[in-house]
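Structure, as structure tokens:
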Amino acid sequence: AGYKVAVCEQMEDPKDTKGIVKREVVRVITPGTHTPEHPKENNYIMSFMPRERKHGIALADVSTGEFMVYETEKPLEDEIGRFEPKEILIPESLRDNFHYAGLLKDHYVSAAGDWRYDYPEAYKSLLKHFRVSSLEGYGCEGMTAAIQAAGALVGYIEEMQVKVTSLRKISLKNETSYMFLDAPAQRNLELIRNLKDGSTEGTLLWALDETLTPMGGRFLRNAILMPLTDVKAIRKRQNAVGYLVEDYELVETLRKNLRKVQDIERLERKVSTGTANARDLIALKTSAACLPEIKNSLLSSRDGCLKELGRGVSDFGELITLIDRGITEHPPIGLRDGGIIRDGWSGDIDELRDISRNGKGYIAAIETEEKQKTGINSLKVGYNRIFGYYIEVTNANLGDVPDRYIRKQTLVGAERFITPELKEYEAKVLGAEERLKGLEYQAFQGILQGIGKDSLSLLASAHSISEADFLLSLSVVAKRHDYAKPQVDDDVIIKITEGRHPVLERLSLSERFIPNSLYLDGNSQRLLVITGPNMAGKSTYMRQSALIVLMAQMGGFVPAEDAVIGVADRIFTRIGASDFLTRGQSTFMVEMIEAASILNNATDRSLIILDEIGRGTSTFDGISIAWAAAEYIVKELKARTLFATHYNELTELAHALETVKNYNVSVREWGDEIIFLRKIEEGPADKSYGIQVARLAGIPDKVIKKAKEVLSTLEKEEFAQAGAPRFAGPQGTGQRQLDLFTAMKDALLMELRTLDIKGMSAEKALEKLRELKTKAEPLS
């Protein structure tokens, strides 16, 4: 709701305080400093500091203790899209910055004083927090902007009164170890959010998530957004997945035990920061009890990666015994409500608990015993707030009162006495319940400290469990949906045999999913121009190709009969722009911004997906931009590229450039209808079938009939004297598409015919002549 919530607690016991009880704010909860509702998501708070062409970035998840710093020249928007921080911390001086205000307007933003971002102050904050004399041991010395962002973030978390001991260590993110996926790629490929409503339904994460633990779910999410680029690391994961695919018994044993494991990572953080309750300890005990069997199962495998993960899981027998002996099986949530410590843990607790439970019975027993000793049957044991417990004897029986009774109060018809035994019991019973709660709380804190010595082992075990769960998830999906193990190497060849879209093939569609193959390399087929009508499957084909490459670099199997994947450093996509219209940018502007990012940042190791570049402007401008962009990619970038277009003129690229090949999505005509075959075949499409697709969409027949007349006239290139097509003229049957250069000549002729020379000044006429000469130069 956009609020920060201050949590206040009593700092004094009301019974020991005169007047108003002292209260203090013990914590301020913000979107970035609370434990998220979805356990399989990280809850990041991000801080950034711009410096020259870089951004220093710090990320923390206080619920897991993760703390990451790095510097990057990549757009800040891409980093925000990758980590989806719930809160972003900025310097106060940037609050009114026009550029950042637009970039961050859809995010929860907090500002910190600029002094927190001052380098010496930030450096000092980090030294103090991590209790070190230098940051060299973390490898971040010299990363000025990153240190500024990190120091400010630690200071902000302290200010929110979150116990910053929850941040474990500084981790550096090595950008060269991971494929970089910018915001458009994450959005267009629907990796973790779908384009329809922003949920995970129908995303790659949805298709691959068979994880059973929150830690495994977070590992999978991060693996999707940061695929590997190191072939050795990729093959290590692949081999583990392959082993699990073949060993059904091992998979079932691991999954049976993983179902019982809760979020060890976050439970350990609660223990370390002193915020755990008794139920958290029971969850930790239950999880730890499953670890020995998981460890043994991993160690029993013949795969090196799985064995290594097994060695990372520790045995927590002492921790289990400690919690089992100390904490009741079903404790309350509150730590000061009592009922959390088991009988037998402490003699004092047992005695007070017995008094609390059996107080009335004990008083009744004293009364019966005194009646027997004194022979006074009317004797009563009572209590009031002034005198405490007392023995009351009527005046008629005062002669039988023994000497050990001490007179306390005289009434009209009776007298009240006390005894040393009664006063001793009173001292125990009065406030017994409060003292019991206090003792239980102290005992619980002692148990927390005892568990704290296993902190590092718990975190290491949690990491091993998360990766094992991730690998199991990939193996289950691969086995269930008939995925193949791809060959991954440092070559540039991408060869996919009968590839399928991992999401669409799973959704309940009205037709069977048709697989398609792909071949790209750095020589004969560097850029594929893909033509065909809308709805035929061009976008699906390109997206599935990108997803297969991404899945292979995650270390998983892929939906194909076979695949050879030359590692990509980045995947670029240029598909659609409707979600940016609300930002005041036109479709064409967004299209050009994204295209510029690709052309300026892609390398010969990148994979580029371009869908309909140039469509946001006039036909001739669009064709020209698309042609030039494709030529630049082939000649300068040498990147592997899939280029879908409705401009059939672009199929001429294959004649002009050796590394360009034409492919189309095949369709068949049946009268005025078309049938989508969904199969990619070599060669250009013979026409776009736009009118037939319009019919399928429900355009009225009258409009369809008129469209056919207009198309026929245009294809015959029939123009009136004024240069405009004679839409109402004779109907032709020609099917020829204008090639690029014929179209440009016709455009020039049309422009010349419609010039109003009489209305032009000499200066304007000369300027127009220069413009037409420039346009005509490519035709010479």
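What the table shows:
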read-out: Residue-averaged 222 nm ellipticity for the chain, from DSSP H runs of 4+ at -39500 (n - 2.57), nearest 500; value: -13500 deg cm²/dmol
read-out: Cross-link partners of Lys307 among aspartates and glutamates (Cα-Cα below 13 Å; sequence separation of 8 or more within a chain); value: Glu467
read-out: Top positive-direction residue, dipole computed over the chain with Cβ charges, set Ser199, Val503, Asn377; value: Asn377
read-out: Accessible heavy-atom area order of Arg259, Arg435, highest first, probe of 1.4 Å; value: Arg259, Arg435
read-out: Cα gyration tensor, segment 442-585 - rounded (a/c under 1.5), prolate or oblate; value: prolate
read-out: Highest to lowest packing among 195-201, 110-116, 87-93, scored as the average C-beta count within 10 Å; value: 87-93, 110-116, 195-201
read-out: Over segment 1-122 - Rg/Rh using Cα atoms and the Kirkwood inverse-distance radius; value: 1.09
read-out: Stokes-Einstein diffusion coefficient of segment 212-345, Kirkwood radius over Cα pairs, 37 °C, 0.692 mPa s, in µm²/s; value: 194
read-out: Cα-based convex hull, segment 315-375, per residue volume (Å³, whole number); value: 106
read-out: Only Lys, Arg (+1) and Asp, Glu (-1) charged, at Cβ; segment 164-273 dipole about Cα centre in debye; value: 500
read-out: Potential extension, Cys8-Glu424 segment - 0.36 nm per residue separation minus Cα distance; value: 145.9 nm
read-out: Segment 364-494: mean projected area of Cα convex hull, nm²; value: 18.6
read-out: For segment 515-669, convex hull of alpha carbons as volume per residue, Å³; value: 129
read-out: Simple Cβ-charge dipole of segment 1-83, Lys/Arg +1 and Asp/Glu -1, about Cα centre, in debye nearest 20; value: 260
read-out: Per residue solvent-accessible surface (Å²) - the chain, probe of 1.4 Å; value: 48
read-out: When the convex hull of its Cα atoms is projected in every direction, mean area for segment 298-343 (nm²); value: 4.8
read-out: Test item: Cα-centred dipole of segment 469-512, Lys/Arg +1 and Asp/Glu -1 on Cβ, debye; value: 260
read-out: Selected from Ala183, Tyr117, Thr368, residue furthest toward positive end of dipole (the chain; charges at beta carbon); value: Thr368
read-out: Pairs from Lys54/Lys128; Lys163/Lys295; Lys295/Lys453; Lys196/Lys702 whose Cα-Cα separation, in the structure shown, is over 30 Å; value: Lys163/Lys295; Lys196/Lys702
read-out: Computed over segment 329-414, Cα set: Rg, Dmax in Å; value: 18.4, 55
read-out: Segment 486-571 - percent of accessible surface contributed by carbon and sulfur, probe 1.4 Å; value: 47
read-out: Relative packing of 555-566, 374-385, which averages over residues the other C-beta atoms within 10 Å, highest first; value: 555-566, 374-385
read-out: Distance (nanometres) between label positions extended 7 Å along Cα→Cβ at Asp521 and Lys74; value: 3.0
read-out: Where only alpha carbons of segment 134-262 are counted, the Rg and the Dmax (Å); value: 18.9, 52
read-out: Heavy-atom accessible surface of segment 210-312: percent carbon and sulfur, 1.4 Å; value: 47
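The values are calculated or read from the model by the stated rules, or taken from the named source; none is laboratory data. Just so it is clear, the model here is predicted, and its values are computed rather than measured. In this analysis, Cβ positions are derived from the backbone assuming ideal geometry, glycine residues included, and neighbour counts consider all displayed protein chains. In case anyone asks, the SASA skips ligands and DNA or RNA and just uses the protein heavy atoms, side chains included. Shrake-Rupley method; radii C 1.70, N 1.55, O 1.52, S 1.80 Å.
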